[in-house]
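The values are calculated or read from the model by the stated rules, or taken from the named source; none is laboratory data. Predicted model only: the values in this text are computed from it and were never measured. Here the Cβ is made from the backbone with ideal geometry for all residues, glycine too, and neighbour counts use every protein chain on show.
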Amino acid sequence: MEAVSQLPSALSLIRTNMNLGFTTGNTNTPMYNGKHLADAEDVIVVTVNYRINIFGFPGAPGTLPNLGLRDQRAAVEWLRQNIANFGGDINRIILTGQSAGGVAVDYWAYTYKNSPIAAGLIMSSGNSFSFPVISKETATNNWNAVVNALGCNSTDTEQTLTCMRSQPWTAIKNAAATIRPRPSSSVLRSVPPFYPTPDGEIVFANYTSLTERCEFARLPILIGSNANEAGFYRISLYGNTGTQPTQEQVNSFHLESFTCPAAYQASARRGCGVPAWVYRYNADWPNTRLYEGSGAYHGVDLHMIFGASEDTSGLPTTREQRELTKLMQRAWATFAADPWEGLRREFRWPKWEGRGETNVVIELGKGNQPRVEYGGGDQYGLSCENVTLGALGTSA
């Protein structure tokens, strides 16, 4: 039992749809099945559902905001109380998320800076500075539009809520689907109508100043993105408008939403005395490809971490793919076991230094090879000097 009690436990807060943030998806998908990762490494993988879309972020006056993020807190508190019963270690809980999940994990660090429960954070393709938020006014307007569509409008807030609660959930969902996302500073990145809203408690409007003052949980982070995030976002853009982005728009999108937010947060953590590792995933496998040329698109790295690409696509893996999967699963488990020094000790991976050209990016799967290469600060940090981060690039 002593050996079992020392197993690291990993909690995954991973959003299951990789385009419309906090809008659609659930854990019931082969892509997020934790069985392969749990079999390969001494980790316990926990994925959770939480309220999303209008049910998680309704913008309704007179109610608690950001319900979906509050659900996440309840899940982690349950984990703290119960993980030992599954052989886990409450001192080795790692929060990890991708895209909106990465945003949620980063929000967590600010919201619960004095009681994070977690020992470390993993943010894949998303953090507090990646995507635009919506204002309270916009959230309320979107809520009122759904209320009116369902005939629940009233001058009495409580009557409105009573009427809405009496509606079939499918009717609410369908009415919410008629509210169009708002544009942002990038054609590849719209703003969902029901999304986390700054409330000064769970989500903040001043992440820049909070970060400068180190007002976040002092937890080590593993943070990164993929080489062609836009390979996924192109599909929505073409489906909605029939257009393709220019290369300049793609480059700007990568910098604003992924490359520079990761570099910014890694430097902030480093400046506040906690270690950060920055990675970029590069591989493009036949059984995970969306279309010819989709490359290392948004979310494809999760096939490596969970090791479920064959379950998802029905197509076989290659030898190199399986080897890279083992490498990445081992790295993620090593971080879970020792988020302060594990990656440096076992893999000799350099920490982010926060000094421009001395920064090192861990390149995974470059050229579809199951090995690690290192990139320099010319791609992370130095290229971000004049970039407006994604969350700051809109007034929505």
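Structure values in brief
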read-out: Hits in the range 241-270 - residues which are within 30 Å of residue 217 (Cβ to Cβ), touching a helix residue (DSSP H, G or I) at 6+ places or on another chain (Cβ under 6 Å) and among the hydrophobic types (A, V, I, L, M, F, W, C); value: 253, 260, 263, 268
read-out: Test: residue in the range 271-278 that is touching a helix residue (DSSP H, G or I) at 6+ places or on another chain (Cβ under 6 Å), more than 17 Å from residue 98 (Cβ to Cβ), at pLDDT 95 or above and assigned to a helix (DSSP H, G or I); value: no
read-out: Verdict on residue 368 being in contact with a Gly (Cβ under 7 Å, 6 or more places away or on another chain) and modelled with pLDDT of 80 or more; value: no
read-out: Cross-chain or 6+ apart pairs with Cβ under 9 Å, the range 101-123 first and hydroxyl-bearing (Ser, Thr, Tyr), then assigned to a strand (DSSP E or B); value: none
read-out: Subset of the range 145-157 that is within 15 Å of residue 173 (Cα to Cα) and in contact with a Pro (Cβ under 9 Å, 6 or more places away or on another chain) - its residue that is surrounded by the most Cβ atoms within 10 Å (Cβ to Cβ); value: 146
read-out: Selected residue (only one of 357, 373 is in contact with a Leu (Cβ under 9 Å, 6 or more places away or on another chain), modelled with pLDDT under 75 and either under 17 Å from residue 223 (Cα atoms) or not in a loop (DSSP other than H, G, I, E, B) (or both)); value: 357
read-out: Tabulated pairs, the range 254-267, first within 10 Å of residue 127 (Cα to Cα) and without any contact (Cβ under 8 Å) to a residue 40 or more places away in the chain, second outside any helix (DSSP H, G or I) and small (Gly, Ala, Ser), C-beta under 7 angstrom, 6+ apart or interchain; value: none
read-out: Candidate set from the range 220-241 (those that are of a type outside the set (A, V, I, L, M) and outside any helix (DSSP H, G or I)); member that is surrounded by the most Cβ atoms within 10 Å (Cβ to Cβ); value: 225
read-out: Listing of helices (runs of 4 or more DSSP H) fully contained in the range 112-206 that carry 1 or more residues being of a type in the set (Ser, Thr, Tyr) and in contact with a Lys or Arg (Cβ under 9 Å, 6 or more places away or on another chain); value: 136-149
read-out: Qualifying residue in the range 326-342 (condition: in a loop (DSSP other than H, G, I, E, B), in contact with a strand residue (DSSP E or B) (Cβ under 6 Å, 6 or more places away or on another chain) and at pLDDT 95 or above); value: yes
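Residue-wise test of (1) more than 29 Å from residue 118 (Cα to Cα); (2) within 17 Å of the chain's Cα centre (by Cα).
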| site | (1), (2) |
| --- | --- |
| 195 | no, yes |
| 200 | no, no |
| 203 | no, yes |
| 232 | yes, yes |
| 237 | yes, no |
| 242 | yes, no |
| 247 | yes, no |
| 278 | no, yes |
